[in-house]
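Each reported figure results from applying straightforward, stated rules to the coordinates on display, with no laboratory input. Keep in mind that what you see is a predicted model, and the values were worked out from it rather than measured. Note that we place each Cβ from the backbone using ideal geometry, even for glycine, and neighbour counts take in every protein chain shown.
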Amino acid sequence: MVKEVQKGVSSHQRHTLKKFIRELEGYRGRHTELVTVYVPAGYDMNAIINHLSQEQGTATNIKSSSTRKNVIDALERMIQHLRVVGRNPPNGLAAFSGNVSEREGQSDVKVWSMEPPVPVNLRLYRCDKEFVLDPLREMCETREVYGLVVMDRREATIAILRGKSIQFLAKMGSSVPGKTRAGGQSAHRFEQLREIAAHDFYKRISNAIYDAFFDIRDDLKGILLGGPGPTKYTFQDGDYIKTDLKNKIIAVKDLSYTDEFGCQELVDKCQDVLANEEIADEKKTMADFFKLLSTNSGKVAYGMEDVKQKLLMGAVDLLLLSESLDDNVIDSLEEEAAKVNSTVKLISTETREGEQLREMGKIAAILRYNVDGY
């Protein structure tokens, strides 16, 4: 059974995460005394607490008395905090603690934790001079979700790509006989049996793809398909994949593997496709805006003052924000957009259209109705 896949990181979640990261980035330990803990989704919280208690005992061997005290105190605060948290949240937990006093010799031990917007897939405990934030930073980079399918007649692996992280969902083997036929069987009969088994395997793969991707089809930017030999083309061209998902296949690549290594190989070979997809989506959004600007200017707004006014009116359908805006400004605008159920889309400056948005004041909107006359 393929497990349910959670939706991608919204722009609001991304900027909430960025604020959390910025706060923790400002702290530095004098020695390796800042504690970072990542609890994977589905992991037993009691096992983490027991591990940290053991680390407390190990910390008594630290030679420096100040470092020893700070590590033990940080671990104690972390343990107390995790006991209050109780059960591991659905997406797992990222937790941090340490003495953040700016004056040496004084103690100001704080603890932070958050359930990330996507599942945590690593277990980590580390004491260092700074908090380990790269896993959260990678979540900030996550914009879209892509389906990964690698296969041949022997096996198939299904996963999703979220930012730089691959989440494996299903792996299955086939019952297709090898090319050496059983004694007494004619070549024709044996080949028929192989084709029937292959057909059944393709249907199983199709059902697994449906289970994995259907609930996230609105967030699914595309499906990448790959594998050794011609099997992937037989699968793509045959009547196996549901039409709405089949239409999302954006690349088919020759690969050497059909397992987890194959998924990574597929991602590596599709870097140009992924980059172009993201750019194409941004360009289409901005093209829609500029078309309305030239043909029905009452359905759009741009510039901070104009857009804010339309946002307060509840007239904004799609809010377009340049990534060159200050993060705090983006946070504020997203909060206002959430109040009136406006969709927010961040636009990079890597395209000509993105540069145009920046030159127009870094903010624009497509409206729900024509506001000419206001």
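Under 19 Å Cα to Cα from K310, which aspartates and glutamates show up? Leave out anything in the same chain fewer than 8 places away.
Qualifying aspartates and glutamates at Cα under 19 Å: D288, D331, E334, E335, E336, D372.
Compute the distance in nm between two label points, each set 7 Å from the Cα along the Cα-to-Cβ direction, one at A197 and one at E323.
Going by the 7 Å Cα→Cβ label model, 4.8 nm.
In whole percent, what relative contact order does region 277-374 give with Cα contacts below 8 Å and a gap of six or more residues?
Reported as a whole number, the value is 43 percent.
Can you tell me the FRET efficiency between D239 and T32 if r is taken as the Cβ-Cβ distance and R0 is 56 Å, rounded to the nearest 0.05?
With R0 = 56 Å, the Cβ-Cβ based efficiency is 0.40.
Once you've got the Cα coordinates, tell me which of K232/K284; K203/K269; K63/K129 are over 20 Å apart.
K232/K284; K203/K269
Tell me, what is the FRET efficiency for A187 and Q271 to the nearest 0.05, using R0 = 45 angstrom and their Cβ-Cβ distance as r?
0.55
Quick one: which of 335-348, 149-162, 286-299 comes out on top by average Cβ neighbours within 10 Å, and what's the full order, highest first?
149-162, 335-348, 286-299
Calculate how many DSSP beta bridges within region 145-269 are antiparallel, expressed in % of all such bridges and rounded to the nearest 5.
60 percent
Select one label from [x] 209; [y] 144; [z] 184: the one whose number is volume of the Cα convex hull per residue in Å³ as derived from the coordinates shown.
[z]
Where the only charges are on Cβ atoms (+1 Lys, Arg; -1 Asp, Glu), what is the dipole of the chain about its Cα centre, to the nearest 20 debye?
Value, rounded to 20: 900 debye.
To make sure I understand, if each residue's beta carbon is the centre and we count other beta carbons within 10 Å, what order do D219, D268 fall in, fewest to most?
Lowest to highest Cβ neighbour count: D268, D219.
Just list whichever of K221/K308; K19/K221; K110/K362 have alpha carbons separated by over 32 Å in the model shown.
Over 32 Å apart, Cα to Cα: K110/K362.
What list do you get for K269, K284 if you sort them by fewest beta carbons within 10 Å?
Ascending Cβ contact count within 10 Å gives the list K284, K269.
Provide the packing ranking of 204-215, 251-262, i.e. peptides ordered by the mean count of other C-beta atoms within 10 Å per residue, highest first.
In decreasing order of mean packing, 204-215, 251-262 become 204-215, 251-262.
Packing-wise, with mean Cβ within 10 Å as the measure, how do 187-199, 61-73 rank, highest first?
Highest mean packing first, the order is 61-73, 187-199.
Restricting to the chain, compute how many DSSP beta bridges are antiparallel as a %, nearest 5.
70 percent
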